[in-house]
Structures are given as structure tokens and as C-alpha cells.
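Here the structure is laid out as C-alpha cells; the discussion comes afterwards.
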Amino acid sequence: MSNTIPYKIYLSEEEIPENYYNVRADMPIKPAPLLNPGTLQPLTAEEMEPIFCKELVQQELNNTDRLIHIPKAIRDFYKMYRPSPLVRAYCLEDRLGTPAHIYYKFEGNNTSGSHKLNSAIAQAYYAKQQGLKGVTTETGAGQWGTALSMACSYFGLDLKVFMVKVSYEQKIYRREVMRTYGASVTPSPSDTTEIGRKILEEFPGTNGSLGCAISEAVEVATKTEGYRYVLGSVLNQVLLHQSIIGQEVKTALDKYGVKPDLIIGCCGGGSNFGGLIAPFMGEKLRGEADYDFLGVEPASCPSFTRGKYVYDFCDTGEVTPLAKMYTLGNGFIPSPNHAGGLRYHGMSSILSELYDEGFMRVRTAEQSEVFEAAEEFARCEGILPAPESSHAIRAAIDEAVKCRETGQAKNIVFGLTGTGYFDMTAYQKFNDGEMTDEIPTDEDIAKGLATVPQFPGNEI
Ligand SMILES: *Cc1c(COP(=O)(O)O)cnc(C)c1O
């Protein structure tokens, strides 16, 4: 059977999922709710609606409906670039001399170059449906901002992006892609917001940070008539939208009677990995099948493996609700030498709960071994992978090599979340032999964790 598997398993348009799959419905213990930092009580829909779109608030709070219908307009948009291919990595298998069968789900074949468009288009749709004028967001490296710019231009929504100042100045191509799609892009911190002016006064000449950009975006959303704030990862709603990745993988593998043994994905805020594993995790939670799930995070920002499972702010400015998650502390800042992405201090509450209960495992990877894997993959599979995605490639290669040693013909699936064409500065560093691995010391970790808010039941 296996020798009939094509290099690329394409599905038809009709096979694009009709529903998002909500893994929370199958979790016996639900992820912890967001808390109001003032009252420490679970955030109500009414409290969330001034910040987030109404329908997205409902999705955020929905722990019970297993399937949530994908509106026709979103599904029609998906048809432009979905179903995305599931590729059997024959060339990589040959190169590694492994008996394992390796598959990757490639999400880089759309204009944003990553899986982020899957959620951006849904969030823009619900904002438009609500009759909003526009949305605000932050972006660091720019993948999320790019995806959202495209989505907003498609539905005729205004978009204000706060881009971390150092990225705004260095990642000019990403910035110009966003502006081409019609977004207004402001370097953060800026003098256009109260919090931005305050930060500029306190830290003149600062390069900015994601935490600061979030604070500015939230301020503008809540103070501008007809605007809401949207986020590209971490939240339950984003994992929900990304479940189309896993559903497509499952449909494609079922067609050929292939059952994956091991499913691997990189973890920043957890949205691509959460979406990739969702339908398989559902089967595991319902006791119908067993799978080995492996998340990969950078050794320089090890939220799962060295963080604590507690309530923390989602941003450094401490203006957001509190989320219970594996966190390094909202004040944790990964080393500036870290070029491999996945720099977020926290993690999806859904994945955090699943990890805490032992339903998935996590490993770290250092950035030079990540770029080595990226190079090996690029040279035989032909795709120049994003540094983020290359964390998953590293783990897939390592697991396939283990199979070579044990003679096991495992079916390994990993998420190839995007392409790396805007990350050539990082590749240049690697090619020049100037890439270093900075692993936080126990002291660095303790310093970050000290910024977690302390209240009864939330001690570090
Ligand atoms: C944003 C991004 C990630 C990490 O985000 P998650 O929410 O953890 O999926 C991974 N890969 C690419 C290409 C990205 O743009």
C-alpha cells in the first residue's frame, strides 16, 4: 500500500473541512479560563466584548461544541490556497537512510507564507460581520501582520499594525508587504498612544518589544469607535481555526490507510501545533486511538520545559487578561542573538493543560541545530523553511535517525508552517558560521519568573 503514496497528497476543494474542530469539547479537564486581573474572576463575555469581536468571544469561551461551522465566505477564501499539500518526504527519507515514513503538511503556499492566514481570514470575517470599521494588532517579525493585512484587505476592513520598532526598521520587506495590502504600520513604541508616550519617556531610544506593541494595539482598539483587537496565536479561538490543518492531514492519511505514530510541530504560542494535532488528540482523549505528540520549542525560550504552569499576563505591559499557561514570566526576554523565532514567553492554555496531564511531550532545540536541519531539508526537499518550522524539521530528522538505529518503520508527520524568505539575515548568520546558541541560565529563568503576578494560589 505504502508504495502507492504520491509525493504530494492533494485533496479536492470539497474536502476542505466544513467545521472547525474544538478539542476542548473532548477534554475531561478544560483549559483554565482567562481572568480579569483586577478581580481575579473569570472574564465574562461582556468584559471581553469591548476588546474582541463578539463571535470570537463566543468561540473563546466555548468549551462544549465539538464542531463549529465554517461560514461559506471563509471556506471560499480557503479555496484559494487550500487544501494545502501533505508531502511524503521521500527525498529526505532516502538521504537519512531511514525506514521511517516522513510526511509534512506545508502551510507556506499562500501569500503570507505561513499558517497564520488560516486564522487571520476567520478573524477578519467575524469583525466585518459585526459591522466593525477596523481592527488593530501587533506584529514582531511580521508574519501575523502580513497575514492579517491580506485578510483585512479582502473583506474591506481597516488595519492598524503596531510593529516592534527594531523589526519595523530591519524587516522593511515585511513592512512593505503589509502596506501594499493597505495596512497602516506604526513602529512601536510610538507617540500615537498614551502607553507608547509613557514608554518613550521612560525608555527614550528603546527598540520596542512585542509586549509594548500589544499594549498600544489594545489601547487603540478600545479607544477607537468601531475597532477591536485581534491576536494571531495563543488564544483558544486561534487554535480552533488552525484545526483545519489537522483535519486535512487526517483526511489525506485516511485515504491511504496510514496511521501516524508520531506527530511533531514547533511551538511559539501553540496555534499551529494545537491545530495540527487537534483531531488526533480528540481520538486520544476519547480513547479511540493512541498517538505520540511531540512539541518543539527553542532552548532559548523554553516555556514548556523550564516555565511554570501558572496565571500570567499575555503581554509585558501587563494590560491584558491573565491566562493560565506554561510561562517564563511576562518580563522574560529571549537573548537578542536568538534569530529562530518562537520568542513568546507563554503558551496556549489548551496545550498547557494537555501537556500538564501528560497527553503530549515537548523537547527543545538549539538554533544552530535547527538551521542545520533547515539546510538539510532545503537541499533535498526544495523548500526553504521558516526558522520556526525548522524546529519541527530538527525533531523529525532526529526521530527518523532513531528509527534507522532501531529498524522501526514509524509514520512521522510534522507541520511545515512556512517559508523563510524573509529570514535571510538569520540564514546569513548561519552560513557565515556566526550563529551562537544562547541558553538562559537558571538565574535568567528565575528573573523572568519573578515577573509573574503573585496572588493566593498563584505562587511560583
Ligand atoms: C508564527 C509562526 C509560528 C509560531 O506560532 P504558533 O502559534 O506556535 O504556531 C511558527 N511558524 C511560523 C512560520 C510562524 O509564522
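The values are calculated or read from the model by the stated rules, or taken from the named source; none is laboratory data. On a predicted model such as this, the values are computed, not experimentally measured, just so you know. Cβ coordinates were reconstructed from backbone atoms using ideal geometry, including for glycine residues, and neighbour counts include every protein chain displayed. Remember, those area values only see protein heavy atoms, side chains included, never the ligands or the DNA or RNA. Shrake-Rupley method; radii C 1.70, N 1.55, O 1.52, S 1.80 Å.
Based on Cβ point charges of +1 for Lys and Arg and -1 for Asp and Glu, what charge dipole magnitude is obtained for the chain about its Cα centre, in debye rounded to the nearest 20?
So the magnitude is around 1000 debye.
In Å, the Kirkwood hydrodynamic radius of the chain over pairs of distinct alpha carbons?
Value: 22.0 Å, from the Cα pair sum.
Starting from the eigenvalues of the Cα gyration tensor, five times each then square-rooted, give me the equivalent ellipsoid semi-axes of the range 1-97, largest first, whole Å.
39, 19, 13
Just to be sure I understand: if I project the alpha-carbon convex hull of the range 299-339 onto a plane and average over all orientations, what area do I get in nm²?
Over every viewing direction, the Cα hull of the range 299-339 projects on average to 3.0 nm².
If you only keep lysine pairs separated by 8 or more in sequence, or across chains, how many in the range 181-295 come under 18 Å at the Cα atoms?
Counting lysine pairs in the range 181-295 gives 4.
Which percent of Cα pairs goes in each bin when the distances of the range 171-268 are cut into 5 angstrom slices starting at zero?
The percentages, shortest bin first, are 2, 10, 13, 15, 15, 14, 8, 7, 7, 5, 3, 1, 0.
In the range 162-223, with Lys and Arg counted as +1 and Asp and Glu as -1 at Cβ, which of these residues, Leu200, Thr222, Val177, has the Cα nearest the positive end of the dipole, that is, farthest along it?
The one lying farthest along the dipole's positive direction is Val177.
Report the gain in length on full extension from Asn458 to Lys259: 0.36 nm times residue separation, minus Cα-Cα distance, nm rounded to one decimal.
Here the answer is 67.6 nm.
Stretched out fully, how many nm does the piece from Val401 to Arg197 gain, at 0.36 nm a residue minus the Cα gap?
68.2 nm
Once the principal axes of the Cα atoms of the range 270-327 are found, what is the range along each, listed largest first in whole angstroms?
43, 26, 18
Per Stokes-Einstein, at 10 °C and 1.306 mPa s, what whole-number D in µm² s⁻¹ belongs to the range 307-366, with the Kirkwood radius over Cα pairs as the hydrodynamic radius?
In µm²/s, the coefficient rounds to 128.
Once phi is turned into θ = phi - 60°, what whole-Hz ³J(HN,Hα) does the Karplus curve with 6.51, -1.76 and 1.60 give for every residue of the range 137-149, x standing for Gly and Pro?
Result, ordered by residue: 7, 10, 8, x, 5, x, 5, 5, x, 5, 4, 5, 4 Hz.
Report the label-to-label distance for Arg286 and Glu49 in nanometres (one decimal), using points 7 Å from each Cα along the Cα→Cβ vector.
3.3
Can you give me the distance in nm between label points at Glu438 and Thr305, each placed 7 Å from the Cα along the Cα-to-Cβ direction?
Modelled inter-label distance: 1.9 nm.
Only bridges whose two residues both fall in the chain count here: according to DSSP, what percent of them are antiparallel, nearest 5?
35
For every helix of n ≥ 4 consecutive DSSP H residues, a contribution of -39,500 (n - 2.57) applies; sum these over the chain, divide by its total residues, and give [θ] at 222 nm rounded to the nearest 500 deg cm²/dmol.
-12000 deg cm²/dmol
Express the accessible area of the chain per residue in Å², computed with a 1.4 Å probe while the remaining protein chains stay in the model.
38
Among Tyr168, Leu449, Pro71, whose Cα lies farthest out toward the positive end of the dipole of the chain, if unit charges sit on the beta carbon of Lys, Arg (+1) and Asp, Glu (-1)?
It is Pro71, whose Cα lies furthest towards the positive end.
Give, in nm to one decimal, the length gained when the segment between Gln130 and Thr425 is fully stretched (0.36 nm per residue of separation minus the Cα-Cα distance).
102.2 nm
Place +1 on the Cβ of every Lys and Arg and -1 on the Cβ of every Asp and Glu in the range 353-460, take the dipole about the Cα centre, and give the residue among Met424, Thr364, Cys380 whose Cα lies farthest towards its positive end.
Cys380
In whole Å, how far is the Cα centre of the range 88-113 from that of the range 231-259?
A separation of 17 Å, based on Cα centres.
Cβ neighbours within 10 Å, averaged per peptide: list 446-459, 263-276 in order, most packed at the top.
Ranking the peptides 446-459, 263-276 by packing returns 263-276, 446-459.
Ignoring ligands, DNA and RNA, what percent of the 1.4 Å accessible area of the chain is carbon and sulfur?
Of the solvent-accessible surface of the chain, carbon and sulfur hold 50 percent.
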